[in-house]
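The values are calculated or read from the model by the stated rules, or taken from the named source; none is laboratory data. Being a predicted model, the structure only gives us computed values, none of them experimental. Please note: Cβ atoms are built from the backbone with ideal geometry, for glycine as well, and neighbour counts cover all protein chains shown. Heavy atoms of the whole protein, side chains included, go into the accessibility calculation; ligands, DNA and RNA do not. Shrake-Rupley method; radii C 1.70, N 1.55, O 1.52, S 1.80 Å.
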Amino acid sequence: MIAQNNEADTAAEALVALIDEFIGVVKEENAMLARGLPASLSVVAKRKAELAAAFEVWANAATARTFRIDMASEPVRKRFLDRLAFFQETMNDNIVHLEAAMEASRRRIDAVMAAIRDEMVEASPYGANGKTYHVRSYTAVRPGTYI
């Protein structure tokens, strides 16, 4: 049983290290998003994707029961569960920041599209109904006479 405990502790500590790195990267991304920077263009996004893939491997191992946190010692199991809870809080915060960034992007895109539509309407001789505008312009040739 001691060998299993040590093996489970080693695996759990490796997962805690992964979670801690993931937390650091997500916090960095959250700070970027809070400043209005596009996180998707950064090295942070790439590293976050790599960590997500590594975390998925651990999740699959837990599902397949090849990694069992219940086999770890009580202090390691407690540390793991604490870090996992903090990771969940950090990811929830990340979701809020990402949703706010997406909404800001949508507003910018909507503003650009509205400006383009307005410009097209002003430049087009056609109205919304497909008919041409009948713009009359009058030019004074001599006082009291218009063309």
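Before moving on, here are some points about what is shown:
- Taking the listed residues Thr66, Thr90, the one that is among the hydroxyl-bearing types (Ser, Thr, Tyr) and not in a helix (DSSP H, G or I) is Thr66, with no other qualifying.
Residue-wise test of (1) among the hydroxyl-bearing types (Ser, Thr, Tyr); (2) under 18 Å from Ile95 (Cβ atoms); (3) surrounded by 14 or more Cβ atoms within 10 Å (Cβ to Cβ).
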{"position": "Thr10", "(1), (2), (3)": "yes, no, no"}
{"position": "Val16", "(1), (2), (3)": "no, no, yes"}
{"position": "Glu29", "(1), (2), (3)": "no, yes, yes"}
{"position": "Leu37", "(1), (2), (3)": "no, yes, yes"}
{"position": "Ile69", "(1), (2), (3)": "no, no, yes"}
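- Looking across Glu56, Glu103, Glu50, one residue alone is open to solvent by 90 Å² or more (accessible area, probe 1.4 Å) and either under 22 Å from Leu18 (Cα atoms) or modelled with pLDDT under 90 (or both). It is Glu56.
- Of the set (1) farther than 14 Å from Met71 by Cβ; (2) modelled with pLDDT under 85, all apply to Ile19 but (2).
- Top-ranked residue in the stretch 72-92 [being surrounded by fewer than 15 Cβ atoms within 10 Å (Cβ to Cβ) and among the charged types (D, E, K, R); ranked as nearest to the chain's Cα centre (by Cα)]: Glu89
This table checks each residue for (1) assigned to a helix (DSSP H, G or I); (2) closer than 27 Å to Glu103 by Cβ; (3) free of Cβ contacts under 8 Å to residues at least 60 places away in the same chain.
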position: Ala11; (1), (2), (3): yes, no, no
position: Ala17; (1), (2), (3): yes, no, yes
position: Leu37; (1), (2), (3): no, yes, yes
position: Trp58; (1), (2), (3): yes, no, yes
